Amino acid sequence: MQIYSIEFTKIPDLPKTVCCIGFFDGLHKGHQLLLKTTLEEARKKHLPSGAILFDPDPWTLFHPDEEMDHLTPIEKREAMFQEAGIDILYIMHFTKEFAALTYEDFHELLFDMHVQALVCGTDFHYASHNSGSIHTLKAQERIEIIAIDPLMEDQIEKISSSKIEKEIEAGRIEEANASLGYMYSIDGTIRHGFQRGSKILNIPTANLEPDSLFTLPAIGVYAGYMKLKNSYYPAMINIGFNPTFGNTHKSIEAHVLDFDQDLYGKKVSFLFVQKIRPEHKFDSIEALKTQLKQDIETTRQILAKKSIQDWSSVINLL
């Protein structure tokens, strides 16, 4: 997959393409429908497939003092587009000048990029003050517009990244995964923690330092997996402050079941399947150990219901 970083004031010489367009945070089922349509149309027209997305997040441009987390930071989205089979990824540098473009100027930008057909949701808006819509896109005659209804299957409301973020932040992982079409995950590096799991509890844990500002699930204990390279390992994952020990820093850690390899410094992903329980402060270390052993057994029971091979990735959804 080729990746172009685009400044709207200086468009390079680009090939003719069929493109989808959006921010694509999470690359959820609604986005996947856009990608699938783009790939199909590109094959029909014997053209490369492309995707246009924006970086940085427009929200951060207008709210520079606020931190903004994401379901999938830009680097992860790049990897997912490549997995999905997109030929060319256009990352449009989002600036205040870009945001001020009229919809006519935006159309000229697409013309200059040699976009032959554009796939987007029927609710897509663009240009200054969101003045551009599917209606203004269809009013121009140089680019074929393929509009996809964001309502999918038996959905009462459209699938949206913001709705999925709220589900994750509330700990409703099963609902979020249903909208994503895959297991929500956080990528990062394993770092040294307090080592209480191995030294005090005899239940060793791997502490994750996220690579970026991921949307974090609600504080609590989850059944899930750790992905190391191309292998998946069942895991009990905890997000929280370990109140029994009085921590003040939120940690993300996992006890990887039946696993004894050294993980320090390794790049891994924690994948979330289902919330088991909220975080509690226990009266004693022994009470905590008893509960953790129960959580491990619950994790095994939950993960036994569905094989890792049954979980879809973006690539086989397309």
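Quick notes on this one:
- 2 or more residues under 14 Å from HIS28 (Cβ atoms): qualifying helices (runs of 4 or more DSSP H) within region 93-195: 161-169, 173-180
- Residue match in region 63-77 (condition: closer than 28 Å to GLN140 by Cβ and without any contact (Cβ under 8 Å) to a residue 12 or more places away in the chain): no
- Taken together, the criteria exclude ILE159 from residues that are under 30 Å from PRO217 (Cα atoms) and modelled with pLDDT of 95 or more.
- Hey, GLU83 over 26 Å from LYS158 (Cα atoms) and either of a type in the set (Ser, Thr, Tyr) or part of a helix (DSSP H, G or I) (or both) or not: no
- Test: residue in region 138-153 that is among the aliphatic types (A, V, I, L, M) and within 14 Å of the chain's Cα centre (by Cα): no
- Only residues that are of a type outside the set (Lys, Arg), assigned to a loop (DSSP other than H, G, I, E, B) and touching a residue at least 12 places away in the same chain (Cβ under 8 Å) were counted across region 262-302, and they come to 7.
- The single condition from (1) under 19 Å from the mean Cα position of the chain (by Cα); (2) in a strand (DSSP E or B) that PRO217 fails is (2).
- Region 303-318, subset assigned to a helix (DSSP H, G or I) and either of a type in the set (Gly, Ala, Ser) or out of contact with any strand residue (DSSP E or B) (no Cβ under 6 Å at 6 or more places or on another chain) (or both), residue modelled with the highest pLDDT: ALA304
- Among (1) touching a residue at least 60 places away in the same chain (Cβ under 8 Å); (2) within 30 Å of GLU167 (Cα to Cα); (3) of a type outside the set (Val, Ile, Thr) - the single one GLN2 does not satisfy: (2)
- Failed criterion for ASP262 (all others in (1) surrounded by 13 or more Cβ atoms within 10 Å (Cβ to Cβ); (2) modelled with pLDDT of 90 or more; (3) more than 28 Å from ASP283 (Cα to Cα) hold): (1)
- Top-ranked residue in region 265-304 [being within 24 Å of the chain's Cα centre (by Cα) and more than 21 Å from LYS76 (Cα to Cα); ranked as surrounded by the most Cβ atoms within 10 Å (Cβ to Cβ)]: THR299
The values are calculated or read from the model by the stated rules, or taken from the named source; none is laboratory data. As the structure is a prediction and not an experimental result, all values here were calculated from the model. Backbone-built Cβ (ideal geometry, glycine too); neighbour counts: all protein chains shown.
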